[in-house]
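Heads up: the structure comes next, in structure tokens.
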Amino acid sequence: SKAALFDAENKVKITFNDVAGLDEAKEEIKEIVDFLKTPEKFTKLGGKIPKGALLVGPPGTGKTLLAKAVAGEAGVPFFTLSGSDFVEMFVGVGAARVRDLFKQAKEKAPCIVFIDEIDAIGRSRGRGQMPGSNDERENTLNSLLVEMDGFATDSGVIILAATNRPDVLDSALLRPGRFDRQISIDKPDIVGREAIFKVHLKPLKLNKDVDPKKLSAQTPGFAGAEIANVCNEAALIAARRNKETVDLQDFHDAIDRVIGGLEKKNKIISPEE
Ligand code: ATP
């Protein structure tokens, strides 16, 4: 029997309001919302709607969030799959899974298909090191290319893919008619961090001494995911201390904890450096 392979979210509630900072990226990706909402406006003049865009940037910067917000803004279903799941879980059947995914997506069009970590399938040949045999990965990649070339630009399916390693991608993926648009999603600067703090402070019961401007100054190098993590940790720390509100001290301790976690992770990832 066929299990539910792909998460298809039909009613996405995330909108651009949930994505803080990233003003340029939002501006660029708004175009795709228009393609999904009013395709005729573009095709009646003979233009071809792009099939996909690549979101490029470091982990935790909001690529998934932004892709989902496109679906939320356009009011269309959101299909998601992760490149690494593909290579790890579906040995021997990757190509068939890709076909399945696109078949389902076309039935639900207009919609967004989001491929996270596309580098796991889309590495250029001869750059192995991923689990599963290289043949298998190449079959999956070829099947993705065939699907992308095969569906009409007016099918209403737009593919967004995310990577933090655009340099390793097979150039076939980046050719015109495939992922020919790249949108860069950078780590937030101090202003961006403040905006992200504001989003994630909203659900918390805060003490008056908590100031998003100061918090953003104290978290250089943090991505959005880490800021979300700090806010949640601070609330948990305050609760453990039986406080009525989350205060600045709780945030400082949460920041220390998140920095500690990052340092540990870096040690594990790069032991030979
Ligand atoms: P990865 O490459 O690791 O998959 P990503 O770039 O897709 O990361 P997301 O999964 O979108 O990052 O971000 C994780 C979480 O961090 C989001 O669900 C959100 O809570 C928070 N976050 C990240 N960036 C932002 C942002 N710009 N505004 C608000 N929240 C953000």
Checklist outcome for this item: When the stretch 151-201 is checked residue by residue, the ones that are within 15 Å of the ligand (Cβ to nearest atom), under 28 Å from T15 (Cβ atoms) and in a loop (DSSP other than H, G, I, E, B) are N164, I185, D186, K187, P188, D189
Next on the checklist: So, in the stretch 222-252, exactly how many residues are outside any helix (DSSP H, G or I), open to solvent by 40 Å² or more (accessible area, probe 1.4 Å) and not hydroxyl-bearing (S, T, Y)?
Outcome noted: 4
Next on the checklist: For the stretch 108-122, which positions are open to solvent by less than 10 Å² (accessible area, probe 1.4 Å) and in contact (Cβ under 8 Å) with a residue 40 or more places away in the chain?
Outcome noted: C111, I112, V113, F114, I115, I118, G122
Checklist outcome for this item: Scanning the stretch 140-150 for residues that are surrounded by fewer than 17 Cβ atoms within 10 Å (Cβ to Cβ) and either assigned to a loop (DSSP other than H, G, I, E, B) or small (G, A, S) (or both) gives G150
Next on the checklist: Step by step: first the residues of the stretch 209-221, then only those that are open to solvent by 10 Å² or more (accessible area, probe 1.4 Å) and not in a helix (DSSP H, G or I), then the one that is farthest from the ligand (Cβ to nearest atom). Which residue is that?
Outcome noted: D209
Next on the checklist: For the stretch 170-198, give me each residue that is of a type in the set (A, V, I, L, M, F, W, C) and over 17 Å from the mean Cα position of the chain (by Cα).
Outcome noted: A172, L173, L174, I190, V191, A195, F197
Item to check | So I255, is it within 15 Å of G60 (Cβ to Cβ) and surrounded by 14 or more Cβ atoms within 10 Å (Cβ to Cβ) | outcome: no
Item to check | Candidate set: the stretch 4-50, residues that are in contact with a strand residue (DSSP E or B) (Cβ under 7 Å, 6 or more places away or on another chain) and among the acidic types (D, E); chosen: the one most open to solvent (accessible area, probe 1.4 Å) | outcome: D7
Next on the checklist: Take residues that are under 13 Å from I158 (Cβ atoms) and at pLDDT below 95 and tell me which of the helices (runs of 4 or more DSSP H) falling wholly in the stretch 1-110 contain 1 or more.
Outcome noted: 23-37, 39-43, 94-107
Next on the checklist: Restricting to the stretch 51-87, and then to whatever is away from the ligand (no atom under 16 Å from the Cβ) and over 27 Å from V168 (Cα atoms), can you tell me which residue is surrounded by the fewest Cβ atoms within 10 Å (Cβ to Cβ)?
Outcome noted: G75
Item to check | Flag if R165 is open to solvent by 10 Å² or more (accessible area, probe 1.4 Å), of a type in the set (K, R) and modelled with pLDDT of 90 or more | outcome: yes
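The values are calculated or read from the model by the stated rules, or taken from the named source; none is laboratory data. Note that the structure is a prediction, hence the values are computed from the model and not measured. For neighbour counting, all protein chains shown are included, and Cβ atoms are generated from backbone atoms with ideal geometry for every residue, glycine included. To get the accessible areas, we keep the full protein, side chains included, count just its heavy atoms, and leave off ligands, DNA and RNA. Shrake-Rupley method; radii C 1.70, N 1.55, O 1.52, S 1.80 Å.
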